[in-house]
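Have a look at the structure below before the remarks.
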Amino acid sequence: MEGCTRKSISGTEKRIMEKSKDYTPPRLAEKFLSWYCKPELLEDLQGDLYEYFQRNVKTRGVVRAKLIYIIDVIKFIRLYTLRKPEFVNTLINWIMLSSYVKTSGRNMLRNKLFSAINIAGLSVSLLVGMLLIGLLSDIRSYDQFHEKKDRIYRVISNYEYLDKPNDDWFASSSPKAGQLIKETVPGVEDAALMYSWANNDVKAEDKIIPLEGHWANESFFQIFQFPLLQGNPATALKEPYSLVLTSDAALKVFGTTDVLNRPITMGDKEYIITGVAHNVPEFSHLKFEMLVSLSTRTGEPGYEKHELAWDNIWQGYAYLLLAPETNLTDLQHNLDNLCTEQDKTVKNTKIKLKLQPLQDVVLGVEMSNEIGKTMDSKNVWVAGILTLIVLVSACFNYTNLSIARALKRTREIGVRKSIGATKQHVFNQFIIESVMISIAALVIAAGLFVVIKPYFLAIDSSVESMIKLRLSPLLVLCFVGLALCTGIVAGFLPALFFTRVQVAKVLRGGSDLKLFKNLNLRKVLIVSQFTVSLAFIASTVIAFRQYNHFVSFDLGFSTDNIINLKVQGNKPDLLQQELSALPEIEMIAQSSVVAGIGYYYGGSMKYKNPLDSSNINHNTIDANYLPMHRHQLVAGRNFTTAKPNTDIGEVIVTENVLDHFKIGDANRESAIGEIVKVNRKEYEIVGVIKDYYYGRADNDKNKVVLIHSEEKASYLNLKINTTNWLATMSKLESVWKKLDPVHPIAATFYSKQLEDNFRDLLAMLKVIGFIALLAISIASLGLLGMVVFTTETRLKEISIRKVMGANALQLIYLLSKNFLVLLLVATAIALPATYYFFTEKFLVTLKNHLPVTIMDLLTGALAMLALALIMISTQTLKAARKNPAEVLKSE
Amino acid sequence: MKGTNLGEFEELVLLTIAALVNDAYSVAICDELEKNTGRAAKLGVVHAVLNRLEEKGLVKSKLGEATNTRGGKRKRYYAVTSAGKAALLKAKEVRDNLWSMIPGMALKNI
């Protein structure tokens, strides 16, 4: 119709037209037309469109003609062409509902094995879906209680040093940026400026209690919905040395919430309590027990110079309240201008600012310096995809088994159709059947949900602290919706299949039924199920091996039987003295940082050339540290127990420090006695040790300088020799309690710390392992069903073959051949894909990883194949063993 | 219903139906309209108008024979009813009246 002109049809054109009759309009569009169009208009429209289609084929080519046809079909959706819902049909559907439920119920009971397989598969996959929905609903409910949530934005910053552009964003921003935006940028109504980490011990009424919190300005309570029990929200955080407690914190410190205007000591300063807030809701990304007025900081010396520096973006936070209908593009433009202006005040650094809606804070792109717990949206996407895979796999089972069993149902459909059931009715019947199955699965899944919830939350400590998975009516509704959708998806193909059953053929008892026309579809479904399962198993094995490799990684020193005790501001020497009385403790060392778990103390070092200053990592240790951790001395000596010299201190360095600064020659002894400058202080090298992993096992070996110093240690490293760990731990604790009644003891096994270091890998391992288990179970159940079905239908064939002299082995080969081919195809797809993913994508960024071996890939696949083989052979063996006389006599 | 008043396009379609006599079905009407007005007549629009005219009782339709050019679908032939004829005549009359009221010179000078 698009600009078609009427032409007289000449002879040649006529021939072309006849030829072009071979082309038919797109079938789907045709079907769609006849679905929505009123029956009385349909023929006319179809004819018209066909005519135009043929013309377009001639003038514009087949592809465009088809496209135009599709567009026209869509354009014809008008009020007058739409089919009105037929009341009678709807009524019949309702009346027939009970019949459908009844027949479906009977059918389910008759085929207990198939129903069980379907329900089991669907219920585990629904369980995964439920967990995901619960997780999403919890995450989406973060920060929803703020009344002005739609207008609150956080300022996030990007830090570019020495013209090295990057795409790493920080959740924090410099206090100066917050202040300038609040004062100068139009469209910003108000800004809550914060400074993180106000955690401190507070003293009141002879009690010392550690509290966690932040600094915040007076706008905080104006912008956020943290209602005050006492105090004026507008002024509570205005004056310097004001402090707001939550009611729980007030109870902890004072035993009452009626504490307005009471004094409280923090550090050596006295603060006044100007407000008591309700406890922070659990679904808030901002968490605090107390808030201290930001103006307290402004008065401190050095504030202007250091904290208000434009490039001090590390601890400040700015939450903006925008005026309604503010243009975000204009605002961003203003922010960019501000940045260009302010970049002039700092050297070599460019800061970029951007606004992040409050809604995106918890579930968004992962950023450094988060003020609260967040979840990377990437992880949620991955979880979503895994869930979908499991759900689809279970649906495949249903589809496969239903179509395979179709032979037994076709007669019923034939009868139904011959007494007046339309395609629609048959379709509805089978959808209802699958929905019934999925509702049954939902009931089981709900039970599983309750059982598995605590295990799921324990996957990772960050999950546990963020997610509650509490049931709510809305959540239950979502679950039911999920089950309904799953049921419809699972039943769609079988239902479509049954609507195509041709009455005449079925009722004639024809054996030429083309039931296995869909054989290819079923093969594809089985192969895809097993491909996914095999990929999951291989991933689990690889991840497990990598995790083990990193946890037991040779860091270059020994961590056996060592407990690291955080000193938490106490006197380390006193603690050491008290602890050395315990007989279980073999040795005590002091250090400022625990090596190998991803913490770094950075500094700069210079040797003879004053211009060559280089970054090194350092640790402050005592004489016991090196022997306890079995570091290998290459040259020189260990520190002595004598007090270190205060003028020129002593250091022990790793070999790569010598190499970098070219200290001494190949003989390491030559470096002993050299003087180096570390953090602008002079030290003498007294020893050289082998390189070791200071940071994490998946990083390079750092250049490390070990300093012998009087500086207070942050950790006591305890070498323990005991068989009764529990008793030892409680002894440790009682010693600790005596010295520090305020803070709970923080003592951790070194091995545990190393494990925690790779927590993310472990969490991934657990999730993929769990999903792999489910995927395998579902795929195996499906396979079992298919095998049972095939052997059942071929029982007669088997019996005849047996009579003719086939033995059991031949029969097993005959029956399992097809399945084995499918499994092999799945293996051939899954293993290379997994290998590619791990070697090219995932492990590339992971240093020191184990190479992926063929065995990694094959172990899972072999186990899977063995499982499948056992299933197939037991079933076929059962059939092969049957007495052929009994099978054949029933004919 | 808006009564028997004809819109401009409705009038054109109705006239085309009358002009095509025994061959007035949707595609032919479209082609004829295009030929005479020079405007692209969209099938969807023409269909909607035909539908409306039939609802107003200005045309009546019957299904013809199945043909191969239409993929075995029958054509729906339209014919002008007496109400349609009256509406056309009325429209013409209104126009003629207005034309006759214009003095001979009036249009010449524009």
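The values are calculated or read from the model by the stated rules, or taken from the named source; none is laboratory data. What you see is a predicted model, and the numbers here were worked out from it, not measured in a lab. FYI the Cβ positions are ideal-geometry reconstructions off the backbone, even for glycines, and counts take in every protein chain you see. Note: areas computed on protein heavy atoms with side chains; ligands, DNA, RNA excluded. Shrake-Rupley method; radii C 1.70, N 1.55, O 1.52, S 1.80 Å.
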Practice task
Hey, can you tell me all the residues within region A:220-240 that are within 16 Å of A:Pro281 (Cβ to Cβ), touching a strand residue (DSSP E or B) at 6+ places or on another chain (Cβ under 6 Å) and not in a loop (DSSP other than H, G, I, E, B)?
Solution key: A:Phe220, A:Ile223, A:Leu228, A:Leu229
Exercise for the section: Answer with yes or no whether A:Glu682 is acidic (Asp, Glu) and under 49 Å from the mean Cα position of the chain (by Cα). Expected result: yes
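Among the residues of region A:652-692, which ones are part of a loop (DSSP other than H, G, I, E, B), open to solvent by 30 Å² or more (accessible area, probe 1.4 Å) and of a type outside the set (S, T, N, Q)? Lay out the reasoning, then the answer.
Step one: list which residues in region A:652-692 are part of a loop (DSSP other than H, G, I, E, B), which gives A:662-667, A:672-674, A:679-680, A:690-692.
Okay, now just the ones that are also open to solvent by 30 Å² or more (accessible area, probe 1.4 Å), so A:662, A:664-667, A:672-674, A:679-680, A:690-691.
Of everything in region A:652-692, those that are part of a loop (DSSP other than H, G, I, E, B), open to solvent by 30 Å² or more (accessible area, probe 1.4 Å) and of a type outside the set (S, T, N, Q) turn out to be A:Lys662, A:Gly664, A:Asp665, A:Ala666, A:Ile672, A:Gly673, A:Glu674, A:Arg680, A:Lys690, A:Asp691.
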Problem - region B:43-61, subset open to solvent by 20 Å² or more (accessible area, probe 1.4 Å) and either of a type in the set (A, V, I, L, M) or closer than 12 Å to B:Ser26 by Cα (or both), residue nearest to the other protein chains (Cβ to nearest Cβ) - result: B:Asn51
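Evaluate the following for B:Ala19: is it among the aliphatic types (A, V, I, L, M), surrounded by fewer than 16 Cβ atoms within 10 Å (Cβ to Cβ) and within 11 Å of another protein chain (Cβ to nearest Cβ)?
no
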Exercise for the section: Within region A:54-68, count every residue that is within 48 Å of the chain's Cα centre (by Cα) and either open to solvent by less than 60 Å² (accessible area, probe 1.4 Å) or facing another protein chain (nearest Cβ under 8 Å) (or both). Expected result: 3
Practice task
Could you tell me whether any residue of region A:339-350 is surrounded by fewer than 12 Cβ atoms within 10 Å (Cβ to Cβ), touching a residue at least 40 places away in the same chain (Cβ under 8 Å) and farther than 24 Å from A:Asn199 by Cβ?
Solution key: yes
Handout entry: Checklist (1) in a loop (DSSP other than H, G, I, E, B); (2) hydrophobic (A, V, I, L, M, F, W, C); (3) touching a Phe, Trp or Tyr at 6+ places or on another chain (Cβ under 8 Å) applied to A:Trp197, failing item
Key = (3)
Practice task
For region A:270-281, indicate whether the set of residues that are open to solvent by 60 Å² or more (accessible area, probe 1.4 Å), more than 41 Å from the chain's Cα centre (by Cα) and in the same structural domain as A:Pro210 (by TED's automatic domain parsing) is non-empty.
Solution key: yes
Completion exercise
Considering residues that are in contact with a Gly (Cβ under 8 Å, 6 or more places away or on another chain) and either within 30 Å of A:Glu304 (Cβ to Cβ) or not in a helix (DSSP H, G or I) (or both), the number found within region A:124-175 is 5
Completion exercise
Picking from A:Leu831, A:Leu795, the residue that is open to solvent by less than 90 Å² (accessible area, probe 1.4 Å), in contact with a helix residue (DSSP H, G or I) (Cβ under 8 Å, 6 or more places away or on another chain) and at pLDDT below 90 would be A:Leu795
Exercise for the section: Looking only at region B:62-73, count how many residues are in contact with a Phe, Trp or Tyr (Cβ under 7 Å, 6 or more places away or on another chain), more than 8 Å from chain A (Cβ to nearest Cβ) and not charged (D, E, K, R). Expected result: 1
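Would you confirm whether any residue within region A:479-490 is modelled with pLDDT under 85, on the phi < 0 side of the Ramachandran plot, touching a helix residue (DSSP H, G or I) at 6+ places or on another chain (Cβ under 9 Å) and not hydrophobic (A, V, I, L, M, F, W, C)?
No, region A:479-490 contains no residue that is modelled with pLDDT under 85, on the phi < 0 side of the Ramachandran plot, touching a helix residue (DSSP H, G or I) at 6+ places or on another chain (Cβ under 9 Å) and not hydrophobic (A, V, I, L, M, F, W, C).
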Practice task
Could you check, for region B:2-13, whether at least one of its residues is within 12 Å of chain A (Cβ to nearest Cβ), within 14 Å of the chain's Cα centre (by Cα) and surrounded by 13 or more Cβ atoms within 10 Å (Cβ to Cβ)?
Solution key: no
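Matching residues to (1) within 30 Å of A:Val788 (Cβ to Cβ); (2) open to solvent by 20 Å² or more (accessible area, probe 1.4 Å); (3) out of contact with any His (no Cβ under 6 Å at 6 or more places or on another chain):
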{"residue": "A:Glu366", "(1), (2), (3)": "no, yes, yes"}
{"residue": "A:Lys378", "(1), (2), (3)": "no, yes, yes"}
{"residue": "A:Tyr398", "(1), (2), (3)": "yes, no, yes"}
{"residue": "A:Ala404", "(1), (2), (3)": "yes, no, yes"}
{"residue": "A:Ile432", "(1), (2), (3)": "yes, yes, yes"}
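Restricting the search to region A:360-417, which residues are of a type in the set (Lys, Arg) and closer than 22 Å to A:Ser125 by Cα?
Scanning region A:360-417 gives a single hit, A:Lys378.
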Completion exercise
When (1) buried (at least 17 other Cβ atoms within 10 Å of the Cβ); (2) at pLDDT below 85; (3) within 14 Å of chain B (Cβ to nearest Cβ) are applied to A:Ile92, the one that fails is (3)
Handout entry: Condition broken by B:Arg95, with the remaining ones in (1) open to solvent by less than 70 Å² (accessible area, probe 1.4 Å); (2) away from every other protein chain (no Cβ under 14 Å) satisfied
Key = (1)
Practice task
Go over the candidates A:Ile133, A:Ile139, A:Ile71, A:Ile77 one by one and state the one that is closer than 30 Å to A:Asp376 by Cα and either within 14 Å of another protein chain (Cβ to nearest Cβ) or in contact with a Leu (Cβ under 6 Å, 6 or more places away or on another chain) (or both).
Solution key: A:Ile139
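Condition check ((1) modelled with pLDDT under 80; (2) more than 9 Å from every other protein chain (Cβ to nearest Cβ); (3) assigned to a helix (DSSP H, G or I)) across all residues:
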{"position": "A:Ile16", "(1), (2), (3)": "yes, yes, yes"}
{"position": "A:Phe32", "(1), (2), (3)": "no, yes, yes"}
{"position": "A:Gln46", "(1), (2), (3)": "no, no, yes"}
{"position": "A:Tyr52", "(1), (2), (3)": "no, no, yes"}
Exercise for the section: Quickly run through region A:241-260 and pick out the residues that are out of contact with any Phe, Trp or Tyr (no Cβ under 9 Å at 6 or more places or on another chain) and either part of a loop (DSSP other than H, G, I, E, B) or of a type in the set (Ser, Thr, Tyr) (or both). Expected result: A:Ser247, A:Gly255, A:Thr256, A:Thr257, A:Asp258, A:Val259, A:Leu260
Practice task
Please verify whether region B:93-108 includes one or more residues that are within 12 Å of the chain's Cα centre (by Cα) and at pLDDT 90 or above.
Solution key: no
Exercise for the section: Answer yes if at least one residue in region B:27-42 is more than 14 Å from chain A (Cβ to nearest Cβ), among the small types (Gly, Ala, Ser) and farther than 28 Å from A:Glu30 by Cβ, and no otherwise. Expected result: no
Fill in the blank from the handout: Every listed condition ((1) within 14 Å of chain A (Cβ to nearest Cβ); (2) touching a residue at least 60 places away in the same chain (Cβ under 8 Å)) holds for B:Val80 save (1)
